[in-house]
Amino acid sequence: MTDKIERLLAEVEAFAPRTAAEIEEFRVRLLGRKGELNALMDEFKSVAPEMKRELGQKLNHLKNRAMERVNELKSDLEAHAAEPAGSLGDLTRPGTAQPLGSRHPLSLVRNEICGIFERLGYVVAEGPEIEDDWHVFSALNFPPEHPARDMQDTFFIEKDPDILLRTHTSSIQVRVMQSQKPPIRVICPGRVFRNEAISYRAHCIFHQIEGLYIDENVSFADMKQSLLYFVREFFGEQTRIRLRPSYFPFTEPSAEMDISCNLCGGKGCNVCKHTGWLEIMGCGMVDPNVLEACGIDSKKYSGFAFGMGVERSAMLKYGVKDLRLYFENDVRFLHQFDTAL
Ligand code: DAH
């Protein structure tokens, strides 16, 4: 009888079922009413009294182990129910892709615009977002009473009227002219700040790209040709431009540049308000006062400058109707630009 108990105990320890049905079958065979354990109990009744103590303990141990083992195996199987057998699971199941980030559409457009001008020999220049009055206004020939200097448009820092958040990237022009000698060809991307109500077409934080070209004998015709090249590269070969007279304190003469509407091809639609034209940037010949303020001889050198909004250019290029989308970081919007990497 001892042999039989030991054999069954070894069997209990070695039992490695694969299914719940195998466990149940095992339980019935050992612990069931007509099972091996009950058969042993019957046999136990006729065991000599002096053997009863030892065999009784062995039998109890076998019974307890068998019950423990059945419960253990059942809960193991349930825990791994979702996972196929084997420590690595099902090796044929499809892998989980690592989600990849992508560039923000404004970065894509900024890089593309800078890239086009870099191919024309411009280099990228940057400047601080927190500026002083001189770099943002005075050096750029803004008269003291100009409305842009007003609290309504400009964010001042700590009530100090001299320190402010730049309202345009033209302040970078000033820094470049102060620190470099002509010939100068720079393209200056950056974030700018204006105290404006947020709407589908305006934000208090947005991005601009400024360009500046200074050398001897630079003409308005040079500017027009450079900007036409840019527009054709960025919006497509068929795009036309027109220059309208305008006013900026830092350029003379100044112009506003329009491109033919790339949605209706110039026929007139909602986006171009039925004019066939879209305004995309301000430009002009650098005012001699600005050259002089920055230490450049205006008798010897001339140049042109231009400035455009990155959000606006991106909206026109991708047909985005609401500027706020660029700042909300909704991945459903951002993922549409994944392929533009
Ligand atoms: N700074 C102007 C603005 O914020 C844009 C601009 C216009 C820049 C004409 C220029 C320029 O360099 O020549 O509206």
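To the nearest 10 degrees, how steep is helix 49-79 against the longest Cα principal axis of the chain, on a 0 to 90 scale? Long axis of 49-79 versus the principal axis of the chain: about 20 degrees. Over every pair of different alpha-carbon atoms in the stretch 158-314, take the mean of 1/r and invert it; report that Kirkwood radius in Å. Its Kirkwood hydrodynamic radius stands at 16.8 Å. Based on Cα atoms of the stretch 256-341, Rg over Rh with Rh as the Kirkwood radius reads 1.16.
When both the stretch 210-226 and the stretch 270-333 are represented by their alpha-carbon centers, they are found 16 Å apart. Distance distribution note for the stretch 34-151: the fraction of Cα pairs above 23 angstrom is 73%.
The sum of -39500 (n - 2.57) across all DSSP H runs of n ≥ 4, divided by the residue count of the chain, sets its helix-only mean residue ellipticity at 222 nm to -12000 deg cm²/dmol. Taking the Kirkwood radius as Rh and the Cα radius of gyration as Rg, the stretch 127-178 has a ratio of Rg/Rh equal to 0.93.
A cut-off under 12 angstrom between Cβ atoms defines the neighbours of residue 230, and their net charge, with Lys, Arg +1 and Asp, Glu -1, is 0. Charge tally for residue 280 (other residues, Cβ to Cβ under 15 Å; Lys, Arg +1; Asp, Glu -1): +3. For the stretch 134-222, the alpha carbon positions stretch 41, 30, 20 Å along the principal axes, listed from largest to smallest. Cβ under 13 Å from residue 247's Cβ, residue 247 left aside: what net charge do those residues give with Lys, Arg +1 and Asp, Glu -1? That works out to -2.
The simple Förster model, with R0 at 22 Å and r as the Cβ-Cβ distance, assigns residue 195 and residue 247 a FRET efficiency of 0.50. Annotation: peptides 204-212, 116-124, 129-137, ranked by per-residue average of other Cβ atoms within 10 Å with the highest first, follow the order 204-212, 129-137, 116-124. With a Förster radius of 22 Å applied to the C-beta separation of residue 338 and residue 96, the computed FRET efficiency comes to 0.75. What is the diffusion coefficient of the chain in µm²/s, taking the Kirkwood radius over Cα pairs and the Stokes-Einstein relation at 4 °C with a viscosity of 1.567 mPa s? Translational D for this selection: 49 µm²/s. On a per residue basis, the convex hull of the C-alpha atoms belonging to the stretch 61-219 measures out at 302 Å³.
Any read-out appearing in this document is the output of simple, stated calculations on the displayed coordinates, not a laboratory observation. Bear in mind the structure is a predicted one, so any value in this text is a computation, not a measurement. Cβ atoms come from the backbone with ideal geometry, glycine included; neighbour counts cover every protein chain shown.
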